[in-house]
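For reference, the structure is listed below as structure tokens.
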Amino acid sequence: MSVANLVPLCAASRVNIRTSTNFNGVHSQFNSLLNYKNGAPNTQAGAEAWCSAINDSNQFIVSGFDTPKTLVAVSIQGRGDADHWTTSYKVRYSLDGITWTDYRNGNALPGNNDRNTVVTHFFDQPIRARSIAICPLTWNNQVALRFELYSQPEKHSFTQVGQGITPGQNSALNNAGNNEVLVNVVFPVEFITVPIVALTFDHLDTRSTNTQGTDDFQQTCVGVTPINITTKGFTARFYTWNGARAYDLRADYVATTLD
Amino acid sequence: MSTSTHIPVVYNSLVNLRTSTNYNGEHSQFDSVLNYKNGTVGGAEAWCAAILDTNQYIMAGSQLPKTFIAVGIQGRGDMDQWVTSFKVRYTLDGVNWKEYRNGAALPGNNDRNTVVTHHFDQPIRARSIAICPLTWYTHISLRFELYAQVEENSFTQVGRVSPGSDTVLNSTTNTGAREVLVDVVFPVEFKSTPTVSITLGHIDTTSADATGTDVYQQTRVDVQAIDITTKGFKARFYVWRNARAYNLRADYVAVSLE
């Protein structure tokens, strides 16, 4: 399995990162990205890893995000400028922010045995979470690691709805033949990109024109469709045809963008 | 009031934290979560400001609005430093900032470890919220938490579907209950199975029976979403008795929540 086509969340700065403890201000989550290099130990820039202040099995580095992500894999790596690495760890996560779950019931996952080899673990099933913690269990010399989280790409939707769009009573639609009435609709707020619009009926008051025993006189021929859709609004086209007449109609819309 | 059914956003790493100033790299927002302890190495057990005046703050922000129910505040764990009173400021749109209770001072701490929790008069809906110390003992130092309501996110997709014109739904010889099933594939796959609303926007119907009975004036048409998965569903167009549908168009709205 490959991490190609997955989103590297830490590299993309898409996560908040909190740690149990930091050895000091230059051994923090700022230095925790996979393959992080800063010239250490020949600079003031600190460790090439997150390093905890306390070495016990209560340490963790937790990543969080506003909307749930589907996490496919985690990569872990040792410290780049000293022989410190995490040899085994467990993963915990939460979707609702209240309940935390231990991945594989808290079983240890294999970590690192050297400074730079990246060890990647693909989750048995993708993990759907808003927060996910890496919890070192055993280590060489000092709890230290660099890491990455890989998620599926995911779209975001923005939706607006509107009610009560009507051509008005006894409009041009209340006659036989091909008729249309156009009604302009303005969205409550302007969309960022042009939305897709669903527009359908919740009130029909129709009949036919012809009272003789022909096909025409039984027909219900009525429709509504959005045209000229922009980020600001659209035109609702109400239409009838053949022998149908609409005394009144009402439609609701749902407009959505994806990005 | 309890905070146990609310989300501790600092603990869960759901907010970005920015401070006015940090005493140094070991007295930063990284040390600011409630009950933070770090042993003898690793700096302060609190966020500590570099400047002691009433312009200091620690601010939490997130992309999506949150409904904050309460704030918890605590002193520094490894020294006698704490904030004795503070105010709260917040913004929902990111442009206009408001002062909670018009900037009135809220009671803070009087020791290192007792957590003082303030439940907001009304829940605060905000994308950014700042704790602004007003008075302090020895130094501006605090640990804190913000409690937010559990909130679902929704994801929506819309589209349209039609059975096509002059299908079995329009038959004059095959009357009675008839259906046409149309496969619909969502533009992108949902992460969990959505709820689907499907309704009609184009109706072209008549009756089969040309004789003068009641049945022959009736409009009987139905559309439903069945076999819904994360990838799509089947639109079931259905007529019955003597009804005929020359064509139909339905629009759907599919929404997932988590």
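The values are calculated or read from the model by the stated rules, or taken from the named source; none is laboratory data. In this text, all values refer to a predicted model and were calculated from it rather than measured experimentally. A quick note on method: Cβ atoms are made from the backbone with ideal geometry, for glycine too, and the neighbour counts reach across all protein chains shown. Quick note on the areas: whole protein, heavy atoms, side chains included, nothing else; ligands and nucleic acids left out. Shrake-Rupley method; radii C 1.70, N 1.55, O 1.52, S 1.80 Å.
Within the span defined as segment A:144-151, every residue fails to be open to solvent by 30 Å² or more (accessible area, probe 1.4 Å) and either of a type outside the set (Phe, Trp, Tyr) or under 30 Å from A:Ser94 (Cβ atoms) (or both).
Evaluation of B:His118 against the conditions (1) in contact (Cβ under 8 Å) with a residue 40 or more places away in the chain; (2) over 30 Å from A:Ala255 (Cα atoms); (3) surrounded by 21 or more Cβ atoms within 10 Å (Cβ to Cβ) shows that the sole unmet condition is (3).
Of all the criteria given as (1) under 30 Å from B:Ser4 (Cα atoms); (2) charged (D, E, K, R); (3) at the interface with chain A (Cβ under 10 Å from one of its Cβ atoms), the one not satisfied by B:Arg244 is (1). Of the listed requirements (1) buried (at least 18 other Cβ atoms within 10 Å of the Cβ); (2) within 30 Å of A:Thr231 (Cβ to Cβ); (3) facing chain B (nearest Cβ under 9 Å), A:Ser131 misses just one: (2).
Please work out if B:Val182 is surrounded by fewer than 18 Cβ atoms within 10 Å (Cβ to Cβ), assigned to a strand (DSSP E or B) and of a type in the set (Val, Ile, Thr).
Details: surrounded by fewer than 18 Cβ atoms within 10 Å (Cβ to Cβ): yes; assigned to a strand (DSSP E or B): yes; of a type in the set (Val, Ile, Thr): yes.
Here the answer is yes, as B:Val182 does meet what is asked.
Among the residues of segment B:1-23, the ones that are modelled with pLDDT under 95 and hydrophobic (A, V, I, L, M, F, W, C) come to 1 in all. When B:Asn109 is tested against (1) of a type in the set (S, T, N, Q); (2) surrounded by 14 or more Cβ atoms within 10 Å (Cβ to Cβ); (3) in a strand (DSSP E or B); (4) over 28 Å from the mean Cα position of the chain (by Cα), only condition (3) is not met.
So, B:Val83, is that one of a type in the set (Val, Ile, Thr), touching an Asp or Glu at 6+ places or on another chain (Cβ under 8 Å) and either buried (at least 17 other Cβ atoms within 10 Å of the Cβ) or more than 30 Å from B:Asn153 (Cα to Cα) (or both) or not?
Details: of a type in the set (Val, Ile, Thr): yes; touching an Asp or Glu at 6+ places or on another chain (Cβ under 8 Å): no; either buried (at least 17 other Cβ atoms within 10 Å of the Cβ) or more than 30 Å from B:Asn153 (Cα to Cα) (or both): yes.
Answer is no for this residue.
Residue count for segment B:216-243 satisfying the condition of being within 13 Å of B:Thr175 (Cβ to Cβ) and either modelled with pLDDT of 90 or more or open to solvent by 30 Å² or more (accessible area, probe 1.4 Å) (or both): 6.
Quick one: A:Leu137 ticks every box in (1) in a strand (DSSP E or B); (2) within 12 Å of another protein chain (Cβ to nearest Cβ); (3) among the aliphatic types (A, V, I, L, M) except a single one, so which number is it? That leaves (2) as the condition not met.
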